[in-house]
Amino acid sequence: MIVKMKKMTLLVSFKDVNSALGRLRDLGFMHIKHMRKPSAHAIDFYEHRLQILNQVLSLLGDSGVQSEDLDKDQISFYVKEVIILDKERQKLENRLKELEDKRIWFKQWGNISFHSLAELKKSGVFLKLYVGDKKSLRRLPQESLVYVVGKEGGKVHLAAFFDREEECLNLLEIEAPHENLYSLERKIIIVQKEIKEIKEELTKAAAYKKYFIQFQEDTLKELEFYRVRFGMAHEEDICCLQGFCPREFVPEITKAAKKQGWAIVVEEPVDAQEVPTFIRNPRWVEIIRPVFKFMGTLPGYGEYDISFWFLVFFSMFFAILVGDAGYGLLFLAVTFFVQRKLKQAQKNIFFLLYLLSGLTVLWGAVTGTWFGFEKIAQLPVLRSLVIDRINSFTGSNQIFMIYLCFFIGAIHLTIAHGIRVFRFINSLFALAQAGWICIVWSVFFVAGNLVLNRVVPDFTLGLFVLGVSLVTLFSKPQKNILKGMLFSLAGLPLKIISSFSDVVSYLRLFAVGYATVAVAVAFNSMALECGINNIFSGLLAALILFLGHSLNILLSLMGVVVHGIRLNILEFSTHLDMQWSGIKYEPFRAT
């Protein structure tokens, strides 16, 4: 349920601003609306500090915590030290790369340097280095004393000896480095040692990570305080603060305002788009919250909280799309194991996984699907659980399953329009939504005829005409009835076609669920064809089963993300006219 909000305006004297904000932060109920863009030196200061702290925390790993306590000055010192060390590390790593690039030259040409060539020159031997292609070898003078030092790709590295310095080859000459290999190796070792020492210092600094995190949290609080402080409007000695507060907490802020001598105005929000959304549901409905966080969706204040319906239908869709009781048992086991290991993790996600896994086991049991093996479902106890009409291994059931998916779709979309009927029960617009329910069931019957060749009930045409009439008359009710009807008719044909495609789109539940069974059966057949006559064939069959079912589970879970969520967020929410334009309720608070 979306909690109802009140808009609040506070007037405070300039000298009391800081104490007033401190008291509001202690109460922790008010979502602040900036009346101007916050801008101040203090904001820049804390934003810069926060940026540095984020950088420091990204550099540090985990380490044992020191026993000593650090104050803010000591933490600031260590933060600066980490930044300095990191800059030095980057500089050394760039230097190391340069040295290693130089070492590549010696790998190509050998231990040759400018100094060694100079020594040969004193002895009257002139050694020059060249690079050419393989064809250039055939064009070399016969009398030339040339050795192939190495080959790289289509290039050839050559060493040519001459009696006179002015002699040369008509090829690209390469200069030897002034530094010898021994000196280069020594520099590399020194730089590597310095990098290692810096990394050891960073590891030591990681022992203070919990203090850095606390400092980061304190910085965030200070930054938020100053953003609120300098986001207020002011006129002479009076400062004005606006925000939104849940209705139930308004008396506490009003009481504080009376005690502190603030002027306060409490009113109903006029523009729903600027009001934050605060959703509160029973604990058993709250288990769906992680899915909304994963999607990053939040309904607007003037929209609907679909948490309950999302939980109901998403759970159903998950079970149908995965569709295998064996997989459901695996999910249950993995969830139980992970929960035991991650005892500090939020429980909501585990309760949701237990629900989804349990429903998958239930659906797989009634459809006779256990790891794609039909014979497992024939066991005495499991056979009694199978509903023959939806048995996955009975080919004639496919038409009924498609019809069932259409029926689920029609129910789902009916609920969407039903919500709007009750939302606008005192308005003529509710009749338009009732009309859309008639249209949804009309296109459901038509879809059954076109796709499955089912007989269309005699009342379908009348139901459709009634639905279109209600939508035309009451979608945009105005004093000028004819004008309102014309506005309603403008996009009606496309919306009807869209409703038809929405109902048909629930076919994806059957398609993906059936594909999961088919893939499992295929891999089982492949494994059985290998036989288990010997150790090798048995291992191969086991490998096929493991890889095949792992892939199938992954594909089914992808189907849940793509299709299970889509049917709720797109089809269902479209019929609810959801925009998902919510602003998260973030109260100004101390913790």
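Observations on the structure shown:
- Residue match in the stretch 454-476 (condition: touching a Cys at 6+ places or on another chain (Cβ under 7 Å) and under 30 Å from Phe373 (Cα atoms)): no
- Selection status of Gly243, in a strand (DSSP E or B) and in contact with a Pro (Cβ under 9 Å, 6 or more places away or on another chain): yes
- Qualifying residue in the stretch 300-312 (condition: of a type in the set (A, V, I, L, M, F, W, C), in a loop (DSSP other than H, G, I, E, B) and either over 23 Å from the mean Cα position of the chain (by Cα) or closer than 24 Å to Ala520 by Cα (or both)): no
- Selection status of Val381, free of Cβ contacts under 8 Å to residues at least 12 places away in the same chain, among the β-branched types (Val, Ile, Thr) and within 23 Å of Ile2 (Cα to Cα): no
- The stretch 1-42, residues that are under 15 Å from Pro276 (Cβ atoms) and more than 31 Å from the chain's Cα centre (by Cα): Lys6, Lys7, Met8
- A single entry from Ala511, Ala447 fulfils the requirement of being crowded, with 21+ Cβ neighbours inside 10 Å, free of Cβ contacts under 8 Å to residues at least 60 places away in the same chain and closer than 30 Å to Phe393 by Cβ: Ala447.
- Positions within the stretch 460-476 being surrounded by fewer than 16 Cβ atoms within 10 Å (Cβ to Cβ) and either over 21 Å from Val504 (Cβ atoms) or of a type in the set (Val, Ile, Thr) (or both), in sequence order: Gly462, Val465, Ser469
- Residues in the stretch 1-15 that are surrounded by 15 or more Cβ atoms within 10 Å (Cβ to Cβ) and not in a strand (DSSP E or B): Val3 alone.
- Scanning the stretch 28-45 for residues that are charged (D, E, K, R) and either in contact with a Ser or Thr (Cβ under 6 Å, 6 or more places away or on another chain) or not in a helix (DSSP H, G or I) (or both) returns Lys33, Arg36, Lys37.
- Matching option when the condition is under 30 Å from Ile306 (Cβ atoms), without any contact (Cβ under 8 Å) to a residue 60 or more places away in the chain, aromatic (Phe, Trp, Tyr) and in a helix (DSSP H, G or I), among Phe500, Phe546: Phe500
- Residues located in the stretch 241-257, provided they are under 34 Å from the mean Cα position of the chain (by Cα) and surrounded by 13 or more Cβ atoms within 10 Å (Cβ to Cβ): Gln242, Gly243, Phe244, Cys245, Pro246, Phe249
- Of all residue pairs spaced 6 or more apart or on separate chains, those with beta-carbon atoms under 9 Å, a first member in the stretch 104-117 that is farther than 15 Å from Tyr130 by Cα and a second member that is assigned to a helix (DSSP H, G or I) are Asn111/Leu181; Asn111/Tyr182.
- Note on the stretch 246-274: residues that are of a type in the set (Phe, Trp, Tyr) and in a helix (DSSP H, G or I) amount to 1.
- Within the stretch 275-289, the set of residues being part of a helix (DSSP H, G or I) and more than 18 Å from Tyr585 (Cβ to Cβ) comprises Arg283, Trp284.
- Criterion: aromatic (Phe, Trp, Tyr), closer than 25 Å to Leu567 by Cα and surrounded by fewer than 22 Cβ atoms within 10 Å (Cβ to Cβ) - qualifying residue of Phe393, Phe337, Phe373, Phe407: Phe407
- Pick from the stretch 344-370, criterion at negative phi and in a loop (DSSP other than H, G, I, E, B), ranking: surrounded by the fewest Cβ atoms within 10 Å (Cβ to Cβ): Gln344
- Within the stretch 28-55, considering residues that are hydrophobic (A, V, I, L, M, F, W, C) and closer than 18 Å to Cys240 by Cα, the one surrounded by the fewest Cβ atoms within 10 Å (Cβ to Cβ): Ala40
- Filter pass, Gly491 being out of contact with any Cys (no Cβ under 6 Å at 6 or more places or on another chain), over 24 Å from Ile425 (Cβ atoms), exposed (fewer than 13 other Cβ atoms within 10 Å of the Cβ) and modelled with pLDDT of 90 or more: no
The values are calculated or read from the model by the stated rules, or taken from the named source; none is laboratory data. All figures in this text were calculated on a predicted structure; none of them were measured in a lab. We place every Cβ from the backbone using ideal geometry, glycine too, and count neighbours over all the protein chains shown.
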